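Below you'll find the structure, written out as C-alpha coordinates, and then a few comments.
The values are calculated or read from the model by the stated rules, or taken from the named source; none is laboratory data. Computed from a predicted model, the values in this text were never measured in an experiment. Don't worry about glycine lacking a Cβ; one is built from the backbone with ideal geometry, like all the others, and counts go over all protein chains shown. Calculation scope for accessible area: heavy atoms of the full protein, side chains included, ligands and nucleic acids excluded. Shrake-Rupley method; radii C 1.70, N 1.55, O 1.52, S 1.80 Å.
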Amino acid sequence: MIESPAVSVSVLRSSSSGNSTLIWNSKHAILVDCGLGPRVTEGLLASLGFSIRDLSGVLVTHAHNDHSKTTTLERFFRHEIPVYCIPGVKRVVLRSLSDKYKPQFRTFSKVSFMIGSFRVTSFPVSHDAEGGCVGFCIFSGVGARAKKISLVTDYGMPDGRIAESLLDSHLILIASNYCSRMIEGPSPVPEYVKQRHILPYQPSNDHCAGVLLHVARSSAVLPEAVYLLHISKNHNTIERAVSHSQDTLHAAGYRQIRILPTYRDSSSETTHLK
Ligand SMILES: [Zn+2]
(Lines give C-alpha, C1' and ligand atoms only; values in the text may rest on other atoms or scores of the structure.)
Protein backbone atom coordinates (compact mmCIF):
# COMPACT_ATOMS: atom_id res chain seq x y z
CA MET A 1 0.00 0.00 0.00
CA ILE A 2 1.25 3.48 -0.84
CA GLU A 3 1.55 5.63 2.27
CA SER A 4 -0.66 8.74 2.13
CA PRO A 5 1.37 11.96 2.07
CA ALA A 6 -1.58 13.96 3.50
CA VAL A 7 -0.32 16.28 6.20
CA SER A 8 -1.71 19.06 8.39
CA VAL A 9 -0.09 22.15 9.87
CA SER A 10 -1.11 24.60 12.57
CA VAL A 11 1.03 27.42 13.92
CA LEU A 12 0.14 27.32 17.62
CA ARG A 13 1.67 30.73 18.29
CA SER A 14 4.27 32.92 16.61
CA SER A 15 5.87 36.08 17.99
CA SER A 16 8.77 37.24 20.13
CA SER A 17 6.72 35.85 23.06
CA GLY A 18 6.96 32.28 21.78
CA ASN A 19 6.91 30.14 18.65
CA SER A 20 5.61 26.63 18.10
CA THR A 21 4.18 24.82 15.07
CA LEU A 22 2.49 21.41 14.99
CA ILE A 23 2.78 19.22 11.88
CA TRP A 24 1.01 15.87 11.69
CA ASN A 25 0.04 13.12 9.28
CA SER A 26 -2.00 9.97 9.80
CA LYS A 27 0.82 8.30 11.75
CA HIS A 28 3.02 10.86 13.48
CA ALA A 29 3.10 14.37 14.89
CA ILE A 30 6.09 16.65 15.34
CA LEU A 31 6.56 20.08 16.83
CA VAL A 32 8.86 22.70 15.35
CA ASP A 33 10.21 24.97 18.10
CA CYS A 34 8.99 25.06 21.68
CA GLY A 35 9.10 28.70 22.77
CA LEU A 36 5.85 28.54 24.74
CA GLY A 37 5.59 27.43 28.36
CA PRO A 38 4.84 23.75 29.06
CA ARG A 39 1.27 24.31 30.24
CA VAL A 40 0.41 26.55 27.28
CA THR A 41 1.98 24.03 24.90
CA GLU A 42 0.01 21.16 26.41
CA GLY A 43 -3.23 23.16 26.27
CA LEU A 44 -2.73 24.11 22.62
CA LEU A 45 -1.86 20.53 21.66
CA ALA A 46 -5.00 19.35 23.47
CA SER A 47 -7.12 21.85 21.52
CA LEU A 48 -6.06 19.97 18.36
CA GLY A 49 -6.60 16.55 19.93
CA PHE A 50 -2.97 15.77 20.84
CA SER A 51 -0.97 15.25 24.01
CA ILE A 52 2.79 15.56 24.49
CA ARG A 53 3.02 11.75 24.40
CA ASP A 54 1.71 11.81 20.82
CA LEU A 55 4.79 13.71 19.61
CA SER A 56 7.41 11.67 17.76
CA GLY A 57 9.93 14.47 18.16
CA VAL A 58 10.56 18.17 18.55
CA LEU A 59 12.71 20.14 16.10
CA VAL A 60 14.48 23.26 17.38
CA THR A 61 15.64 26.00 14.99
CA HIS A 62 17.84 27.88 17.49
CA ALA A 63 18.54 28.49 21.16
CA HIS A 64 16.67 31.77 21.67
CA ASN A 65 14.13 31.54 24.47
CA ASP A 66 11.15 32.28 22.21
CA HIS A 67 12.01 29.15 20.19
CA SER A 68 13.33 26.74 22.84
CA LYS A 69 12.06 27.26 26.38
CA THR A 70 13.97 25.23 28.96
CA THR A 71 10.93 24.33 31.08
CA THR A 72 9.12 23.02 28.00
CA LEU A 73 12.15 20.99 26.91
CA GLU A 74 12.23 19.43 30.38
CA ARG A 75 8.56 18.48 30.03
CA PHE A 76 9.32 16.75 26.70
CA PHE A 77 12.30 14.96 28.20
CA ARG A 78 10.23 13.70 31.13
CA HIS A 79 7.93 12.08 28.57
CA GLU A 80 10.99 10.76 26.67
CA ILE A 81 10.22 12.80 23.56
CA PRO A 82 13.47 13.27 21.57
CA VAL A 83 14.59 16.80 20.68
CA TYR A 84 16.41 17.37 17.38
CA CYS A 85 18.83 20.26 16.91
CA ILE A 86 22.27 21.11 15.56
CA PRO A 87 25.23 20.46 17.94
CA GLY A 88 25.72 24.19 18.67
CA VAL A 89 22.13 24.57 19.84
CA LYS A 90 22.45 21.50 22.07
CA ARG A 91 25.59 22.96 23.68
CA VAL A 92 23.87 26.29 24.45
CA VAL A 93 20.56 24.81 25.63
CA LEU A 94 22.30 22.25 27.90
CA ARG A 95 23.81 25.07 29.98
CA SER A 96 20.45 25.56 31.63
CA LEU A 97 19.45 21.88 31.72
CA SER A 98 20.52 18.93 33.80
CA ASP A 99 23.14 16.69 32.17
CA LYS A 100 20.78 13.77 32.67
CA TYR A 101 18.84 15.02 29.65
CA LYS A 102 21.90 14.97 27.39
CA PRO A 103 21.10 11.57 25.79
CA GLN A 104 17.65 12.73 24.69
CA PHE A 105 19.05 15.22 22.22
CA ARG A 106 19.40 13.97 18.67
CA THR A 107 21.86 16.15 16.81
CA PHE A 108 22.14 16.31 13.05
CA SER A 109 24.23 18.14 10.49
CA LYS A 110 23.66 18.18 6.75
CA VAL A 111 22.30 14.71 6.17
CA SER A 112 18.54 14.16 6.06
CA PHE A 113 17.02 12.17 8.92
CA MET A 114 13.68 10.58 9.83
CA ILE A 115 11.30 11.41 12.66
CA GLY A 116 8.64 8.74 12.45
CA SER A 117 7.35 8.90 8.88
CA PHE A 118 8.65 12.44 8.29
CA ARG A 119 11.91 13.01 6.45
CA VAL A 120 13.70 16.17 7.57
CA THR A 121 16.50 18.23 6.04
CA SER A 122 17.93 21.47 7.42
CA PHE A 123 19.71 24.51 6.04
CA PRO A 124 21.76 27.23 7.80
CA VAL A 125 20.23 30.63 8.47
CA SER A 126 22.12 33.78 9.46
CA HIS A 127 20.83 35.02 12.83
CA ASP A 128 22.37 36.37 16.05
CA ALA A 129 21.78 33.14 17.97
CA GLU A 130 24.71 31.54 19.81
CA GLY A 131 25.05 27.95 18.60
CA GLY A 132 23.64 28.73 15.15
CA CYS A 133 20.22 28.71 13.54
CA VAL A 134 18.64 26.49 10.89
CA GLY A 135 15.52 26.25 8.77
CA PHE A 136 13.81 22.94 8.01
CA CYS A 137 12.28 21.12 5.05
CA ILE A 138 9.90 18.42 6.24
CA PHE A 139 8.60 15.76 3.85
CA SER A 140 5.49 13.65 4.39
CA GLY A 141 5.15 10.62 2.12
CA VAL A 142 7.70 9.36 -0.37
CA GLY A 143 8.50 9.78 -4.04
CA ALA A 144 6.77 12.17 -6.40
CA ARG A 145 3.66 12.40 -4.20
CA ALA A 146 5.56 13.55 -1.10
CA LYS A 147 4.47 16.85 0.41
CA LYS A 148 7.21 19.33 1.25
CA ILE A 149 6.76 21.82 4.09
CA SER A 150 9.50 24.42 4.55
CA LEU A 151 9.99 26.60 7.62
CA VAL A 152 12.41 29.49 8.05
CA THR A 153 12.28 31.96 10.91
CA ASP A 154 14.57 34.64 12.33
CA TYR A 155 16.76 35.05 9.25
CA GLY A 156 18.84 38.18 8.77
CA MET A 157 19.60 39.26 5.26
CA PRO A 158 17.95 36.63 3.06
CA ASP A 159 20.50 34.86 0.90
CA GLY A 160 20.20 32.53 -2.07
CA ARG A 161 20.43 29.44 0.15
CA ILE A 162 17.12 30.21 1.83
CA ALA A 163 15.26 30.66 -1.47
CA GLU A 164 16.94 27.51 -2.86
CA SER A 165 15.84 25.48 0.16
CA LEU A 166 12.25 26.67 -0.20
CA LEU A 167 11.87 25.70 -3.87
CA ASP A 168 9.03 23.35 -4.79
CA SER A 169 7.40 23.47 -1.34
CA HIS A 170 3.71 22.65 -0.97
CA LEU A 171 3.58 24.86 2.10
CA ILE A 172 5.96 27.57 3.34
CA LEU A 173 6.27 29.08 6.80
CA ILE A 174 8.48 32.17 6.70
CA ALA A 175 9.13 35.12 9.01
CA SER A 176 7.98 38.62 8.01
CA ASN A 177 9.10 40.52 11.07
CA TYR A 178 9.01 44.27 10.48
CA CYS A 179 7.70 46.93 8.14
CA SER A 180 10.60 49.08 6.89
CA ARG A 181 8.56 52.26 7.28
CA MET A 182 7.24 51.49 10.77
CA ILE A 183 10.65 50.59 12.20
CA GLU A 184 11.96 54.02 11.21
CA GLY A 185 9.25 55.73 13.24
CA PRO A 186 8.83 56.07 17.01
CA SER A 187 8.43 52.83 18.97
CA PRO A 188 8.97 51.54 22.52
CA VAL A 189 12.12 49.76 21.29
CA PRO A 190 15.39 51.72 21.84
CA GLU A 191 17.21 52.76 18.67
CA TYR A 192 20.32 50.67 19.46
CA VAL A 193 18.20 47.52 19.78
CA LYS A 194 16.71 48.19 16.35
CA GLN A 195 20.14 48.81 14.83
CA ARG A 196 22.02 45.97 16.55
CA HIS A 197 19.44 43.22 16.97
CA ILE A 198 16.47 43.69 14.65
CA LEU A 199 17.62 45.22 11.35
CA PRO A 200 20.59 42.84 10.77
CA TYR A 201 18.92 39.70 12.16
CA GLN A 202 15.22 39.78 11.37
CA PRO A 203 13.53 39.96 7.95
CA SER A 204 11.39 42.87 6.78
CA ASN A 205 8.15 42.47 4.84
CA ASP A 206 10.19 43.37 1.73
CA HIS A 207 12.75 40.63 2.41
CA CYS A 208 9.99 38.07 2.91
CA ALA A 209 8.08 39.10 -0.23
CA GLY A 210 11.35 39.04 -2.21
CA VAL A 211 12.12 35.48 -1.13
CA LEU A 212 8.57 34.34 -1.92
CA LEU A 213 8.63 35.93 -5.37
CA HIS A 214 11.98 34.30 -6.16
CA VAL A 215 10.67 30.93 -4.95
CA ALA A 216 7.45 31.24 -7.00
CA ARG A 217 9.38 32.15 -10.14
CA SER A 218 11.88 29.31 -9.77
CA SER A 219 9.62 26.48 -8.57
CA ALA A 220 7.95 23.76 -10.60
CA VAL A 221 5.43 23.34 -7.75
CA LEU A 222 3.82 26.42 -6.20
CA PRO A 223 2.97 26.48 -2.49
CA GLU A 224 -0.70 26.09 -1.69
CA ALA A 225 -0.27 28.52 1.18
CA VAL A 226 2.35 30.62 2.98
CA TYR A 227 2.24 31.31 6.72
CA LEU A 228 3.90 34.54 7.82
CA LEU A 229 5.72 34.01 11.11
CA HIS A 230 7.03 36.32 13.82
CA ILE A 231 5.09 39.46 12.84
CA SER A 232 6.37 42.23 15.14
CA LYS A 233 3.96 43.87 17.57
CA ASN A 234 5.95 47.13 17.57
CA HIS A 235 7.08 47.49 13.97
CA ASN A 236 4.49 45.75 11.84
CA THR A 237 0.83 44.89 11.58
CA ILE A 238 -0.75 41.67 10.40
CA GLU A 239 -2.47 43.59 7.60
CA ARG A 240 0.79 45.15 6.39
CA ALA A 241 2.70 41.86 6.46
CA VAL A 242 -0.04 39.93 4.63
CA SER A 243 -0.77 42.60 2.02
CA HIS A 244 2.91 43.13 1.25
CA SER A 245 3.56 39.50 0.30
CA GLN A 246 0.12 39.10 -1.25
CA ASP A 247 0.38 42.22 -3.42
CA THR A 248 3.90 41.25 -4.54
CA LEU A 249 2.81 37.76 -5.59
CA HIS A 250 -0.47 38.92 -7.14
CA ALA A 251 1.28 41.60 -9.20
CA ALA A 252 3.54 38.87 -10.61
CA GLY A 253 0.52 36.70 -11.49
CA TYR A 254 0.71 34.25 -8.55
CA ARG A 255 -2.83 34.82 -7.30
CA GLN A 256 -3.46 31.24 -6.20
CA ILE A 257 -0.98 31.26 -3.29
CA ARG A 258 -2.83 31.97 -0.03
CA ILE A 259 -0.98 34.21 2.42
CA LEU A 260 -1.95 33.36 6.00
CA PRO A 261 -1.13 35.31 9.16
CA THR A 262 0.03 33.79 12.43
CA TYR A 263 -0.63 35.26 15.84
CA ARG A 264 1.03 35.94 19.19
CA ASP A 265 -2.09 35.05 21.19
CA SER A 266 -4.08 32.59 19.11
CA SER A 267 -3.49 29.66 16.78
CA SER A 268 -3.46 30.03 13.02
CA GLU A 269 -5.97 28.34 10.80
CA THR A 270 -5.01 24.75 10.04
CA THR A 271 -3.93 23.78 6.53
CA HIS A 272 -4.54 20.23 5.33
CA LEU A 273 -2.42 19.18 2.35
CA LYS A 274 -4.02 16.24 0.57
ZN1 LIG B 1 15.91 34.28 17.36
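Regarding the range 127-139, can at least one residue be identified that is touching a helix residue (DSSP H, G or I) at 6+ places or on another chain (Cβ under 7 Å), in the same structural domain as THR70 (by TED's automatic domain parsing) and either within 26 Å of PRO5 (Cα to Cα) or surrounded by fewer than 19 Cβ atoms within 10 Å (Cβ to Cβ) (or both)?
Within the range 127-139 (the criterion being touching a helix residue (DSSP H, G or I) at 6+ places or on another chain (Cβ under 7 Å), in the same structural domain as THR70 (by TED's automatic domain parsing) and either within 26 Å of PRO5 (Cα to Cα) or surrounded by fewer than 19 Cβ atoms within 10 Å (Cβ to Cβ) (or both)), the answer is no, since none of the residues qualifies.
Six or more apart or on different chains, Cβ under 6 Å: which pairs go from a residue in the range 35-59 that's in a helix (DSSP H, G or I) to one that's small (Gly, Ala, Ser)? Could you list them?
Taking only residues 6 or more apart or on different chains, the pairs are ASP54/ALA29.
Can you tell me which residues in the range 140-177 are within 16 Å of the ligand (Cβ to nearest atom), open to solvent by less than 10 Å² (accessible area, probe 1.4 Å) and among the polar types (S, T, N, Q)?
Answer for the range 140-177, where residues must be within 16 Å of the ligand (Cβ to nearest atom), open to solvent by less than 10 Å² (accessible area, probe 1.4 Å) and among the polar types (S, T, N, Q): THR153, SER176.
If I filter the range 93-104 for residues that are closer than 24 Å to LEU171 by Cα, outside the structural domain of HIS230 (by TED's automatic domain parsing) and open to solvent by less than 40 Å² (accessible area, probe 1.4 Å), do I get at least one hit?
no
State which residue pairs qualify: first residue outside the structural domain of ARG13 (by TED's automatic domain parsing) and part of a loop (DSSP other than H, G, I, E, B) and inside the range 224-242, second residue of a type in the set (Asp, Glu) and at pLDDT below 95 in any location, beta carbons under 8 Å apart, and separation of 6 or more residues or different chains.
Correct list of pairs: HIS230/ASP154.
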